[in-house]
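The values are calculated or read from the model by the stated rules, or taken from the named source; none is laboratory data. In this text the structure is predicted, and so the values were computed from the model without any measurement. Here the Cβ positions follow ideal geometry from the backbone for every residue, glycine too, while neighbour counts run over all protein chains shown. Note: areas computed on protein heavy atoms with side chains; ligands, DNA, RNA excluded. Shrake-Rupley method; radii C 1.70, N 1.55, O 1.52, S 1.80 Å.
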Amino acid sequence: MARRSKDEVRDFALGRVIAIVNDKGGVGKTSIAANLGGQFAGAGYRCLLIDLNRQANLADDLGYRGTDVDDQGAGLLGSVLAGTPLVPAPNVRPQLDVVCGGARLEDLTPVMVSRLQHHGRKAFRVLGDVLAPVATDYEVVFVDCPPESTILSDLALAASRWVLMPTKSDLGGLVGMGLVAERFTLAREINPRLGLLGVVLFDTGSRSRAIHSEARAAIDRAFGGDSPRFATTIRHAERTAQDARRLGKLAHELEIELAAQPAWWEALRLDIRAPRVSPSAASVAGDYRALGVEVLSALQAAEEAERAGTPGGASAPA
Ligand SMILES: Nc1ncnc2c1ncn2[C@@H]1O[C@H](COP(=O)(O)OP(=O)(O)OP(=O)(O)O)[C@@H](O)[C@H]1O
Ligand SMILES: [Mg+2]
């Protein structure tokens, strides 16, 4: 049997790494990473989340900020700088591990600037190099990218097989998307396998078809042609978003709390004063469930097409 080359082994290991990217801030990157990770892990998939953010909101969404596992990005920094093995923090939920982000990631940018000067863009491959030996332990890996940090997002794009891009339907969100499309094209020079898995509309206040189809036309303009989009949108639900970060719980976990909490009149009668979980948690959890199913189907369809030697569909960028 033919032996695989080093590059083939690396490509295989990174085949289910999905970068969640948009240069625009506040478009749902972290919420989607946390909730999809939680959904997949809950469904029995071994899942890894990598946090490339200095503010590390993933720690809030999953409730591990300030705990023993929260190394503020020190482990990831050490791996990229010194090549030490990447050791994810295990079991932030059953089947769900994380590589923490945080303030220590500040030091990554100047180092990468210097490496880029010496080695050119292929220096961005370093994250994939340290991730590949670990990624084979997982069925899906999500990388939560920061806003407005070219270098950290470029590291993610060079390590990933797929891009999942959340956007809001407003003009600001759609402009950020154009920047990602440019970055995406550049990243393919050193990572030709990178494909767009899909774009997802986040925090959509309107069920208006006109607004959604305008946003979709803008996505097609940015990525060229008929770009893949997920039919599921994540609805606007401010109270559930606040509950999630306050309690360090994912939407489907809030949904379970919601089902268990007494009716408000019962709470009044019993003088229970704990803040109540918003009823919108159940709808938001449903959105993430539907998105998870779509993401898995897109992955499976793309992988089947690749096996059959007819790559296309979700993997075709402009
Ligand atoms: N369904 C929702 N409806 C309204 N707001 C939401 C919803 N889900 C999350 N949010 C809130 O929207 C804000 C942005 O979400 P999130 O942090 O996921 O975006 P981001 O793209 O990761 O942001 P950044 O670029 O700053 O890292 C957060 O305050 C979050 O609590
Ligand atoms: Mg974020």
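Could you run through segment 76-105 and say how many residues are farther than 21 Å from ASP129 by Cα and surrounded by fewer than 21 Cβ atoms within 10 Å (Cβ to Cβ)?
Here the count works out to 5.
Given ALA244, ALA181, which one is outside any strand (DSSP E or B), in contact with a helix residue (DSSP H, G or I) (Cβ under 9 Å, 6 or more places away or on another chain) and closer than 21 Å to ALA19 by Cβ?
ALA181
Looking at (1) outside any loop (DSSP other than H, G, I, E, B); (2) more than 13 Å from ligand 2 (Cβ to nearest atom); (3) open to solvent by less than 30 Å² (accessible area, probe 1.4 Å), which is the one condition that is false for ASP70?
Going through the list (1) outside any loop (DSSP other than H, G, I, E, B); (2) more than 13 Å from ligand 2 (Cβ to nearest atom); (3) open to solvent by less than 30 Å² (accessible area, probe 1.4 Å), ASP70 breaks only (1).
Modelled with pLDDT of 75 or more, open to solvent by 40 Å² or more (accessible area, probe 1.4 Å) and under 18 Å from the mean Cα position of the chain (by Cα): which single residue out of ARG221, ARG245 fits that description?
Testing whether each residue is modelled with pLDDT of 75 or more, open to solvent by 40 Å² or more (accessible area, probe 1.4 Å) and under 18 Å from the mean Cα position of the chain (by Cα) leaves just ARG245.
Could you say which residue among PRO147, PRO85 is within 16 Å of ligand 2 (Cβ to nearest atom), part of a loop (DSSP other than H, G, I, E, B) and either more than 24 Å from TYR288 (Cα to Cα) or in contact with an Asp or Glu (Cβ under 7 Å, 6 or more places away or on another chain) (or both)?
PRO147
When the residues of segment 183-207 are narrowed to those that are more than 26 Å from LEU296 (Cβ to Cβ) and open to solvent by less than 40 Å² (accessible area, probe 1.4 Å), which ends up nearest to the chain's Cα centre (by Cα)?
ILE190
Could you look through segment 25-67, keep only residues that are basic (Lys, Arg) and in a loop (DSSP other than H, G, I, E, B), and pick out the one that is nearest to ligand 2 (Cβ to nearest atom)?
Going through the qualifying residues, I end up with ARG54.
Go through segment 109-135 and report how many residues are open to solvent by less than 70 Å² (accessible area, probe 1.4 Å) and either more than 20 Å from the chain's Cα centre (by Cα) or of a type in the set (Ser, Thr, Tyr) (or both). Spell out the reasoning first.
In the first step, residues of segment 109-135 are kept if they are open to solvent by less than 70 Å² (accessible area, probe 1.4 Å); the result is 109, 111-116, 120, 123-128, 130-132, 134-135.
Checking the rest, the ones that are also either more than 20 Å from the chain's Cα centre (by Cα) or of a type in the set (Ser, Thr, Tyr) (or both) come to 109, 111-116, 120, 123.
The qualifying residues number 9.
Say whether the condition of being closer than 29 Å to ALA302 by Cβ, part of a helix (DSSP H, G or I) and more than 15 Å from ligand 2 (Cβ to nearest atom) is met by at least one residue in segment 96-109.
For segment 96-109, residues closer than 29 Å to ALA302 by Cβ, part of a helix (DSSP H, G or I) and more than 15 Å from ligand 2 (Cβ to nearest atom): absent.
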